[in-house]
Amino acid sequence: MGIKKFLNTIMFGEIMSGLKLTFRHMFKKAVTLQYPHEKLTLPDGYRGFIVHRRYENEQERCVGCDLCEAICPAKAISVVGDIHPEFPERRYAKEYTLDFTRCIFCGFCVVACPVNALAMTKEYAHSSFTREGLIYSKEQLLSLGDKCEQDSIGYLKFKNMWEAENSGKEEGRYHFPPIPSVKSGG
Amino acid sequence: MEQEKVVDKVAEQIEETRRREVVLSSLRQTVLNDLDSTIQTDQFLLNMGPQHPSTHGVLRVLLDLDGERIKRSIPDLGYLHRGTEKIAEYRTYNQIIPMTDRLDYVSAMANNYAFVRAVEKLLEIKVPERAEYIRTIVAEVQRIVNHLFWLGTQALDIGAMSVFFYTFREREELLDLFEIICGARLTSNYYRVGGVDADLPKEFITRLYKFLDTFEKNIGEYNTLLETNRIWLARTKNIAVITGEDAINFGVSGPSLRGSGVDYDLRKYEPYGVYDQVEWSVPVGTNGDVYDRYWIRIEEMRESSKIIRQCLDRLPAGKILTDDHKITFPDKGKVMHNMETLIHHFLLVVQGFKVPAGDTYCGTETPKGELGFYIVSDGSGKPYRMKIRAPSFIHIGALDHMAKGYMVADIVTIFGTLDIVMGECDR
């Protein structure tokens, strides 16, 4: 034992075993990704950029109820609701701004929205040279939502909000049925 | 004649004084020269931080040095102060949960848990069994993540770089698991008052099992690199020794306290979650030095993996959020079809749930130590006052005591061993 310990000390035994370990790792598969060329597959519940959603007939869902503004912990959302110019029984968001420089991506606005007008996507690489470039208007949010519709559906499905939307068959008073398409003259 | 004599005398006197002055000044010069050539023994005040790679954030420390020995170290805090406690007075309880993510940003889940527990204590509600299991699993995964992060950076600070790569390899796997359940790697926002936000998907469970199977081997890898390495031993053994009594007096908690031989773990002594239903033990050190605290954290990772495995084996079926819809948001389906539920949903979002008037303190064993939330409620939807007992802040108090008498090169080791995160410290 004594001689073994002595040999271990003069031969730097423990350092040698450490070097052996790092040397062996040279032949293992790398765990890193070459980012811009390879990308991670993100899970459905990923909390990326927030988007606005539409009904199937391209009608925007947002009713301008201010709930997202109320629940936002970072005060990133501001909504101005108004009566819809074409359908006086209906309200819509006249102005809707989402300040992504303030947003903390907590996902509460999606929880608060009573009409599933908001959803989070797997978009994360949006940047801008100016601050104004990250303050999104409703039109920008809608076009981003059109671009990543599948992501937003996946998010709502993961959070158990999608089933709820489609399971309710009864046409309740507060079920918001899509308005007949304006384009088709309805 | 008489006058001339007097003038001569005066001139002579002046000459004499001048001569004396010359002699004196030359003497003074020689004395000063001698002084210059000797070693200066004055104290030396060294400013370290706030922009320093090893202070783990924006911590500034004034070091009072005597040669290479530290005589005094004065921490200067507040560079990362965001006023979380004050902002919390203007936010509903739900809105505060994502804010607690940003306290100790390397273990956000643990902060969520601590806050949510304090609110639940005020509300006196019971959490469904499955939610308790999920909470315990996730909190222990977070403990492993935190200790892996700590081990990697501590070894990096001391000079062993490969450990950092290996610990971060495992940490990434666990953060990916967090991403599956809550959608973000660090700012989790996963715990809710009355349960958790999302159920564990199948993928999470299989991947976590797979991780646990290889984790023991991976801990072996870190130990191969560190445990008997003579450089590591020289840098950690008998450094920053703190006795158990001193540690208690300074209010140190968590692994830093247990390293000094005090068997104190809130998970054992005030069990919450399902810690009293699983088998595990509390590792306790003896010397109270950096090496013992390293050993404790390694052992804690092993114990955590034991807890996770038992919890996963027993994971019961059931709800993940309490049924009390005065507290949790109602189902989206009902919100869309039922007017009363919609009104209720509006009230919950705008005003938050009401918490009965009173105050409470609730401490939770986070990876860093005891994270406590003291909440005073006036019966409204927002806390009247919220005080955070952050372990990092308390540990900084013991820094001067622990660093006294050690070399200036050890100060980085001493920061690391306390496991401080400035986000939590400055709040």
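The values are calculated or read from the model by the stated rules, or taken from the named source; none is laboratory data. Here the structure is a predicted model, which is why all the values come from computation and not from measurement. Backbone-built Cβ (ideal geometry, glycine too); neighbour counts: all protein chains shown. Please note that ligands, DNA and RNA were not included when accessible areas were found on the heavy atoms of the full protein model with its side chains. Shrake-Rupley method; radii C 1.70, N 1.55, O 1.52, S 1.80 Å.
Determine the shape class of region A:50-166: with a ≥ b ≥ c the square roots of the Cα gyration tensor eigenvalues, call it rounded for a/c under 1.5, and otherwise prolate if a/b is greater than b/c, oblate otherwise.
It comes out rounded by the Cα gyration axes.
Can you list the GluC sites (Glu not before Pro) in region A:8-80 that are in a DSSP coil and have 15 or fewer other beta carbons within 10 angstrom? Mind dumping the intermediate values first?
Details: sites: A:GLU14, A:GLU38, A:GLU56, A:GLU58, A:GLU60, A:GLU69; in loops: A:GLU38, A:GLU56, A:GLU58.
Within region A:8-80, the qualifying GluC sites (Glu not before Pro) (loop, at most 15 other Cβ atoms within 10 Å) are A:GLU38, A:GLU56, A:GLU58.
What does the net charge come to around B:PRO255 if you take all other residues with beta carbon closer than 9 Å to its beta carbon, with K and R at +1 and D and E at -1?
Numbers: positive: B:ARG258, B:ARG293, B:ARG297, B:LYS368; negative: B:GLU300, B:ASP419.
Charge balance near B:PRO255 sits at +2.
Among B:VAL106, B:MET407, B:GLY78, whose Cα lies farthest out toward the positive end of the dipole of chain B, if unit charges sit on the beta carbon of Lys, Arg (+1) and Asp, Glu (-1)?
B:VAL106
What lysines sit close enough to A:LYS147 to cross-link, taking a C-alpha to C-alpha distance under 23 Å and skipping anything fewer than 8 places away on the same chain?
Within reach: A:LYS39, A:LYS94, A:LYS122, A:LYS138, A:LYS157, A:LYS159, A:LYS183.
Got a sec? What order do B:THR236, B:THR17 fall in by accessible area at 1.4 Å, biggest, i.e. largest, first?
Values: B:THR236 0, B:THR17 75 Å².
From most accessible down to least: B:THR17, B:THR236.
Counting only protein heavy atoms and rolling a 1.4 Å probe, how much accessible area do B and A lose on contact, total for both sides, in Å² to 100? Intermediate values should be presented prior to the final figure.
Numbers: alone 20450 and 13010 Å², together 29740 Å².
Its buried surface, counting both partners, is about 3700 Å².
Label points 7 Å out from Cα along the Cβ direction at B:ASP323 and B:THR214: separation in nm?
With each label placed 7 Å out from Cα toward Cβ, I get 4.3 nm.
Just give the residues from region B:346-378 buried by at least 30 square angstrom of accessible area in the all-chains context relative to the isolated chain, probe 1.4 Å, and say none if nothing qualifies.
B:PHE346, B:VAL349
With springs only between Cα atoms under 10 Å apart, run a GNM on chain B and tell me which of B:GLY358, B:GLY254, B:GLY369 wobbles the most.
B:GLY358
Would you please give the FRET efficiency between B:MET161 and B:ASP42, computed as 1/(1 + (r/R0)^6) with r the Cβ-Cβ distance and R0 = 35 Å, to the nearest 0.05? Could the numbers behind the result be given before it?
Numbers: r = 37 Å, r/R0 = 1.06.
Efficiency for this residue pair is about 0.40.
Just to confirm the filter: which trypsin sites (Lys or Arg not before Pro) across region B:61-95 are DSSP coil and have at most 16 other Cβ within 10 angstrom of their Cβ? Each step should come with its number before you reach the end.
On the way: sites: B:ARG69, B:LYS71, B:ARG72, B:ARG82, B:LYS86, B:ARG91; in loops: B:ARG82, B:ARG91.
Those that pass, being in a loop and sparsely packed, are B:ARG82.
Which chymotrypsin sites (Phe, Trp or Tyr not before Pro) does region A:15-101 hold that lie in a coil by DSSP with at most 13 other beta carbons within 10 Å? Don't skip to the answer; put the middle values down first.
Working: sites: A:PHE23, A:PHE27, A:TYR46, A:PHE49, A:TYR55, A:TYR92, A:TYR96, A:PHE100; in loops: A:TYR46, A:PHE49, A:TYR55, A:PHE100.
The qualifying sites: there are none.
Give the range of the longest stretch in chain B that excludes all GluC sites (Glu not before Pro) found in loop regions by DSSP and having at most 12 other beta-carbon atoms within 10 Å. Let's see the in-between values first.
On the way: sites that count: B:GLU68, B:GLU124, B:GLU279.
That would be B:125-278.
Mind ranking B:SER162, A:SER143 by accessible surface for me, highest first, 1.4 Å probe?
On the way: B:SER162 35, A:SER143 65 Å².
Ranked list, largest accessible area first: A:SER143, B:SER162.
Within chain A, which is the longest segment containing none of the trypsin sites (Lys or Arg not before Pro) that sit in a DSSP loop and have at most 15 other Cβ atoms within 10 Å? It would help to have the intermediate numbers written out before the result.
Working: sites that count: A:LYS28, A:LYS29, A:LYS39, A:LYS75, A:ARG90, A:ARG102, A:ARG131, A:LYS169, A:ARG173, A:LYS183.
Between exposed loop sites, the widest span is A:132-168.
Determine the sum of side-chain charges near B:GLN95: Lys and Arg each +1, Asp and Glu each -1, restricted to other residues whose C-beta is under 11 angstrom from that of B:GLN95. Walk me through the numbers on the way to the answer.
Values: positive: A:LYS75, B:ARG91, B:LYS382; negative: none.
Neighbour charge sum, excluding B:GLN95 itself: +3.
Specify the residue with the greatest mean-square fluctuation among A:MET120, A:MET16, A:MET161, computed from a Gaussian network of chain A linking alpha-carbon atoms under 10 Å apart.
Between A:MET120, A:MET16, A:MET161, it is A:MET16 that shows the largest mean-square fluctuation.
Could you work out the mean count of beta carbons from other protein chains within 10 Å of each residue's beta carbon in A:39-50? Write down the numbers at each step before the final one.
On the way: counts 0, 2, 0, 4, 11, 3, 9, 6, 7, 2, 0, 0.
Per-residue shielding by partner chains comes out at 4.
Given a 1.4 Å probe and the protein chains all in place, what does the accessible area of B:ASP157 round to, in Å² to the nearest 10?
40 Å²
Using the basic label-point model (7 angstrom from Cα toward the beta carbon), what is the B:ILE205 to B:GLN51 distance in nanometres?
Between B:ILE205 and B:GLN51, the label points sit 5.1 nm apart.
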